[in-house]
Amino acid sequence: MTVRSKHISRAFCCAGVMSLFMFSGVAVAQTSVGPVAIDAPVAEQFQSVAADSRVVAALAAMEQNEPETIAEQIRLTEIPAPPFMEDVRAQYYLEQMQQRGLQDAYIDSEGNVIGVRKGTGDGPLLAIAAHLDTVFPMETDVTVEFRDGRYYAPGISDDGRGLTVLLTLLETLNAHAIPTVGDIMFIGNVGEEGLGDLRGIKAIFRDHPEIDGFISIDGSGLSSITAAATGSRRFEFAFTGPGGHSFSAFGLVSAIHAMGRAITKIGDLETPVDPKTTFTVGTVRGGTSVNSIAADAVFELDMRSNDANELAKLEERAKAAALEGVAEENARWNNNGEITVEFRLVGDRPVGSTPADSPIVQAGALAFAAVGRELEELRTSSTDSNIPMSMGIPAITITGGGAAGVSHSPEEWFSPENSHLGPQLALLLTLSLAGVEGISAPTLQRR
């Protein structure tokens, strides 16, 4: 069986996509792949791309070369890259881009690695990214171990897999000389995790307003597309007061006591189930010693929602709860000293979405069908795609294939079972959006 019949025709038939092209001699306007309705012109364009002999050969090569893809994944994983300390991994990633044909790739002022593969015509600019940073501190042991068919290491999946798929995609496009109509910007970005606050992608869209569409490759698996963005607001609530000796100054207001009152009040807040809206006090710190009335205390609050209005309401209520806690602490000790609270914004990820009928979502769904995987859902999550989604730029986040578990844990693992399907999906999606010269126009439109 040829690669085309194995990976393309069978998958299309199973998905019902072939019915788009002709039914009793009449074109069918629309069908569906999982939760996504597919328009006939998008499906026709996708089929033209997937049937091209160079693309078929590239898909076969990706499967054959998957062992080297995994070897690269291991090399990348073993380079520590905590938030704000991605420099060494970024330099390595730059070298890998350059070795794969992007000699003009560079590291920008924010620390992002950027390289552009030029198209052949006046097409769109598609950006495709994976994040360089992990959640783990620099001293974490990131040595990869292979046990029972799995690779274990912090960051092996998130986002060691995405970074590697991006390099494999670049290498395959050049090795098989597939000319795209649109330009493709390859990005290894900083600052996706934690207090990185999407700073890398924020800088990309600040500096490159000409981007017409965006794909993020994040983590492992192959069952869903992220097409909507969970927003988040993260604050430090910082309490300050006079402080004093626990015995001789007893009766003085305490920053820690005020913080405790505030946390209790925030913990009693109720939020809607739909749209899902959440909060948590993630860290606390403060005080000088066990026998001191605290002069300072800080907690970090994470608030998230799939709805911008609900997120704004939650923020207002949380701040009001903290002010009530301060007032109660001051009143409790008859205003013997004064506690104040300052709200410091440390994270802002906007809400957004890409419509299910957008060509970028349709092309993603068709790519799932083409590699023989079921698209189970369109997800809402917090990824680098938050930024373009919030700006109205077509964007989705996909995963890199294989399987993974216990992400953000020292026991994070990656399984390579059928992992070649991840790079294959990324290739088909990218070529559909950017178009193939002489074969098809891009489905991604210039803005």
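Out of the range 44-95, which residues are outside any helix (DSSP H, G or I) and small (Gly, Ala, Ser)?
Ala81
With respect to Asp133, determine if the residue is in contact (Cβ under 8 Å) with a residue 12 or more places away in the chain, buried (at least 21 other Cβ atoms within 10 Å of the Cβ) and out of contact with any helix residue (DSSP H, G or I) (no Cβ under 8 Å at 6 or more places or on another chain). Steps first, please.
On the way: in contact (Cβ under 8 Å) with a residue 12 or more places away in the chain: yes; buried (at least 21 other Cβ atoms within 10 Å of the Cβ): yes; out of contact with any helix residue (DSSP H, G or I) (no Cβ under 8 Å at 6 or more places or on another chain): no.
Criteria not met by Asp133.
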Inset, instruction - State which residue is farthest from Leu170 (Cα to Cα) when the search covers only the range 209-223 and only residues that are assigned to a strand (DSSP E or B) and touching a Ser or Thr at 6+ places or on another chain (Cβ under 8 Å). - result: Gly221
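Let's see how each residue does on (1) farther than 18 Å from Asp296 by Cα; (2) in a loop (DSSP other than H, G, I, E, B); (3) at pLDDT 95 or above:
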{"residue": "Ala320", "(1), (2), (3)": "yes, no, yes"}
{"residue": "Val326", "(1), (2), (3)": "no, no, yes"}
{"residue": "Glu329", "(1), (2), (3)": "no, no, yes"}
{"residue": "Asn335", "(1), (2), (3)": "no, yes, no"}
{"residue": "Glu342", "(1), (2), (3)": "no, no, yes"}
{"residue": "Asp357", "(1), (2), (3)": "yes, yes, yes"}
Inset, instruction - Looking at (1) more than 22 Å from Pro388 (Cα to Cα); (2) touching a residue at least 60 places away in the same chain (Cβ under 8 Å), find the lone condition where Ile211 falls short. - result: (1)
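One line per residue, one yes/no per condition, for (1) in contact with a Lys or Arg (Cβ under 8 Å, 6 or more places away or on another chain); (2) of a type in the set (Gly, Ala, Ser); (3) in a helix (DSSP H, G or I); (4) touching a residue at least 40 places away in the same chain (Cβ under 8 Å):
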position	(1), (2), (3), (4)
Gly200	no, yes, yes, yes
Arg206	no, no, yes, no
Ile225	yes, no, no, yes
Arg234	no, no, no, yes
Phe250	no, no, no, yes
Leu301	yes, no, no, yes
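So, of the residues in the range 368-399 that are within 19 Å of the chain's Cα centre (by Cα) and part of a helix (DSSP H, G or I), which turns out to be surrounded by the fewest Cβ atoms within 10 Å (Cβ to Cβ)? Don't jump to the end; show me each part of the working.
Taking the range 368-399 as the starting set, the residues that turn out to be within 19 Å of the chain's Cα centre (by Cα) are 368, 375-399.
Restricting the remaining residues to those that are part of a helix (DSSP H, G or I) gives 368, 386-390.
On the way: Phe368: 26, Asn386: 29, Ile387: 24, Pro388: 25, Met389: 25, Ser390: 18.
Ranking the candidates gives Ser390 first.
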Legend entry - Residue list for the range 258-297, restricted to those being surrounded by fewer than 16 Cβ atoms within 10 Å (Cβ to Cβ) and part of a helix (DSSP H, G or I): Thr264, Gly267
Inset, instruction - Might you let me know whether the range 235-250 holds any residue that is in the same structural domain as Pro388 (by TED's automatic domain parsing) and under 30 Å from Val326 (Cα atoms)? - result: no
Inset, instruction - Starting from residues that are touching a strand residue (DSSP E or B) at 6+ places or on another chain (Cβ under 6 Å) and surrounded by 17 or more Cβ atoms within 10 Å (Cβ to Cβ), keep the ones in the range 143-156 and report whichever is farthest from Thr399 (Cα to Cα). - result: Val144
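If I ask for residues that are in contact (Cβ under 8 Å) with a residue 24 or more places away in the chain and under 11 Å from Ala318 (Cβ atoms), which ones from the range 269-284 would you list?
Of the residues in the range 269-284, the ones in contact (Cβ under 8 Å) with a residue 24 or more places away in the chain are 269, 271-272, 275-279, 284.
Leu269, Thr271, Phe279, listed by residue number.
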Legend entry - Matching option when the condition is over 26 Å from Ser419 (Cα atoms), at pLDDT 50 or above and crowded, with 19+ Cβ neighbours inside 10 Å, among Val42, Val28, Val49, Val55: Val42
Legend entry - Pair list, Cβ < 6 Å and 6+ apart or interchain, from the range 138-149 residues that are in the same structural domain as Gly160 (by TED's automatic domain parsing) to residues that are part of a loop (DSSP other than H, G, I, E, B) and of a type in the set (Gly, Ala, Ser): Val142/Ala153; Val144/Ala153
Legend entry - the range 203-237 - residue that is surrounded by fewer than 20 Cβ atoms within 10 Å (Cβ to Cβ) and of a type in the set (Lys, Arg) and, of those, farthest from Leu311 (Cα to Cα): Arg206
Inset, instruction - Have a look at Thr140, Thr168, Thr164 and point out the one that is surrounded by 23 or more Cβ atoms within 10 Å (Cβ to Cβ) and over 14 Å from Thr430 (Cα atoms). - result: Thr164
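The values are calculated or read from the model by the stated rules, or taken from the named source; none is laboratory data. For clarity, every value in this text was computed on a predicted model and none was experimentally measured. FYI the Cβ positions are ideal-geometry reconstructions off the backbone, even for glycines, and counts take in every protein chain you see.
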